[in-house]
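Quick notes on the structure that follows.
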Amino acid sequence: MTFFWTLAAVLTVAALLFLLVPMFMSRPAPGGKASTDVIDAKVSVYRSQLADLEADREAGTISEEQFNTARTDLQRSLLEASEGRTAAPAGGIKGSWRLPTGIASLLVVPVLAVLIYQGYGAGEPGLDPQRPSPQTAQAGMDQNMEAAVNALAARLESNPDDPDGWALLGRSLLFLEQPRAAAGAYAQAIRYGGNRDPDILVTYADLLGSMDGGDLNARALPFVTQALEIEPDHTNALWLAGLAAFRASDYETTKSYWERLESQLTPGSEEAQLIRSNLAEVRSRLNNGAEVENRIPEAPPQ
């Protein structure tokens, strides 16, 4: 780490020398008045630049205030050329732009170097090699999660009468992208008392439907029905029950479930608008006697 900062400081000083040495080098002072040819050339340039400024003003590219400021600068430059003003004495920087520019370079160059390195180089890990990279941190988090899941599974094996613990294990396994193991955990949750918890029943049903390729009528529907018997207004259960009926072309049942679901949602919310749109599709099919289409209604946000 010390070597990195030492090397960075040396390179920064070298870059500043390339900027500052030419800036403060002595320049020969011009002698005498400017020649007529030089003045004529200055006048020609002045007229050309003034014409460009007037064109920009007419086009609306610059404001009247900007035009007046630029014109004043041009007139001052022409006046200095005609009077043959000399530059500052050789090596002098008093009243020159070089001193403030040098100070600004001392401040800006190191800051820009760090910002560019963070944006396009190794970033913060490069500035602090001892700091773990995001990949390393994520790997460590996954390992800690797996260790916690294994510990929870071991505890539940010795003390299985804990439906909430099995449900927590199921959610954790879903987080680790292990749906089959998660389904097994939810099955255990239902076995040990989770069959009285509508949330556990609906989550298990949704998981079974996903594993069955979206077919809710294969294994999932009985658990959805059981959840509605416990809590008739359970929103996720109403959604899944209506979706199962929709896929079975039972639009009257779909309409019944989703109308009950709509009444549970906040009017004007995104979820309510999606359900209203799906209900419009269902009513259209009922009114027109439409054939079943492959389009699946859009699910409301969970």
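From the list 184, 214, the lone residue that is part of a helix (DSSP H, G or I), under 36 Å from the mean Cα position of the chain (by Cα) and in the same structural domain as residue 155 (by TED's automatic domain parsing) is 184.
Only a single criterion out of (1) under 19 Å from residue 145 (Cβ atoms); (2) within 34 Å of the chain's Cα centre (by Cα) is not satisfied by residue 166, namely (2). Listed by first and then second residue, the pairs with beta-carbon distance under 6 Å, at least 6 apart or on different chains, first residue in the stretch 244-262 and within 19 Å of residue 213 (Cβ to Cβ), second part of a helix (DSSP H, G or I), are 244/221; 245/253; 245/254; 246/254. Taken together, 219, 131 contain a single residue that is within 30 Å of the chain's Cα centre (by Cα), outside any helix (DSSP H, G or I) and either of a type in the set (D, E, K, R) or at pLDDT 95 or above (or both), which is 131.
The values are calculated or read from the model by the stated rules, or taken from the named source; none is laboratory data. What you see is a predicted model; the values in this text were computed from it and never measured. Please note: Cβ atoms are built from the backbone with ideal geometry, for glycine as well, and neighbour counts cover all protein chains shown.
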